[in-house]
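Here the structure comes first, spelled out in structure tokens, and everything after it is commentary.
The values are calculated or read from the model by the stated rules, or taken from the named source; none is laboratory data. Note that the structure is predicted; figures quoted are calculated from it, not measured. A quick note on method: Cβ atoms are made from the backbone with ideal geometry, for glycine too, and the neighbour counts reach across all protein chains shown.
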Amino acid sequence: MIYTCTLNPAIDLFVDSDSLDPYVVNRTNTEDYQANGKTINISLILKKMGINNTALGFIGGFTGKFIESELQQQGIITDFIEINGITRVNTFVRTKEKEYKIVNKGPEVPLSKKEEMLTKIRFIPEGSILFVSGSLPKGLSDDIYLEISEISKQNNFKLILDISSKTLLDCLPNRPYLIKPNREELANWFDKDDVTLEEVLTFGYELLHKGAMQVLISLGEEGSIYMSHEIAIHVTSPQGKVVNTACSGDALLGSFIAKLEQDSDLEEALIYASATGASTAFSMGLSDLTDIDHLVKSIKLNYINTFNIKGV
């Protein structure tokens, strides 16, 4: 069974406007409200690809009920914990020239609710997959990631982490099944202002040596790099008109695992995932997958010779 855990879900409002000017009323051309949160996106992508899953998380108020209802309508099992307050609403504005992302903090999660969530996670069956990604709500510290990773090791289920927190490094001895950093996160974890492609590879291998079983590094329009102890592959990304980048990494990750669960080989899964991530970037929200067959035709795989990589 596959589970997703969204600790700080949201409704994402996507709008398109000719411009965004101060002190005046800005009229939008289109608007779209979507249940969101990084792992909620993964739940939705998995279901679109025919993979059943259960969504865990914290929800509050009428916005939380909207998220729960939207997932249930898609046939996704929900096992949310209700908290006081209102689940946040984020706004993403696309103009002719720029993209604006307005992200709120959300309600506070009390300690008792945190413990309730950890109890749910302790009951995840052995051999299952749990995705944990996204930001933390008020009331939770980064330590919850470490606690979840310890539970995954003790109970022998596969943990997939897509988090920005430097606490990820402390989770690595617990052998997460896969982690998905981006370039900015790698730079932060290794105290760099930026990282070169060579450093991406070096740091990717360092994450493997520290305990990660697999690393999938998203590089935006430059594609992605998959790394394990056996192989390293660069996957290009299709080119097109970018509409919204907010969910593309989630689509990449979710579709990659979905294809592996459907017994695709590694290369096929990486190509499909790159196409799904790009398709999402070219859409207002998550990809509807209708253009994937077209997009995969432009994607190339490059096997990386790791012999000369510093630190390998």
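Which residue, of I292, I271, I231, is under 30 Å from R94 (Cα atoms), more than 18 Å from the chain's Cα centre (by Cα) and among the hydrophobic types (A, V, I, L, M, F, W, C)?
Numbers: I271 fails: more than 18 Å from the chain's Cα centre (by Cα); I231 fails: under 30 Å from R94 (Cα atoms).
None of the other options fit; the residue is I292.
Please pick out the residue among A212, A258 that is in contact with a helix residue (DSSP H, G or I) (Cβ under 9 Å, 6 or more places away or on another chain) and not in a loop (DSSP other than H, G, I, E, B). Lay out the reasoning, then the answer.
Values: A212 fails: not in a loop (DSSP other than H, G, I, E, B).
Checking each option against the conditions leaves just A258.
Listed residues T306, T276, T280; which is modelled with pLDDT under 95, of a type in the set (S, T, N, Q) and not in a loop (DSSP other than H, G, I, E, B)?
Selected residue: T280, the only one of T306, T276, T280 that is modelled with pLDDT under 95, of a type in the set (S, T, N, Q) and not in a loop (DSSP other than H, G, I, E, B).
Would it be correct to say that E230 is of a type in the set (D, E), over 30 Å from N84 (Cα atoms) and either buried (at least 17 other Cβ atoms within 10 Å of the Cβ) or without any contact (Cβ under 8 Å) to a residue 40 or more places away in the chain (or both)?
Numbers: of a type in the set (D, E): yes; over 30 Å from N84 (Cα atoms): yes; either buried (at least 17 other Cβ atoms within 10 Å of the Cβ) or without any contact (Cβ under 8 Å) to a residue 40 or more places away in the chain (or both): yes.
Considered against the rule, which asks whether it is of a type in the set (D, E), over 30 Å from N84 (Cα atoms) and either buried (at least 17 other Cβ atoms within 10 Å of the Cβ) or without any contact (Cβ under 8 Å) to a residue 40 or more places away in the chain (or both), E230 comes out as yes.
If you take the residues of segment 184-204 that are in a helix (DSSP H, G or I) and surrounded by 20 or more Cβ atoms within 10 Å (Cβ to Cβ), which of them is nearest to the chain's Cα centre (by Cα)?
Filtering first and then ranking leaves E185.
How about segment 92-107: which of its residues are buried (at least 16 other Cβ atoms within 10 Å of the Cβ), assigned to a strand (DSSP E or B) and either within 20 Å of the chain's Cα centre (by Cα) or modelled with pLDDT of 90 or more (or both)?
F92, V93
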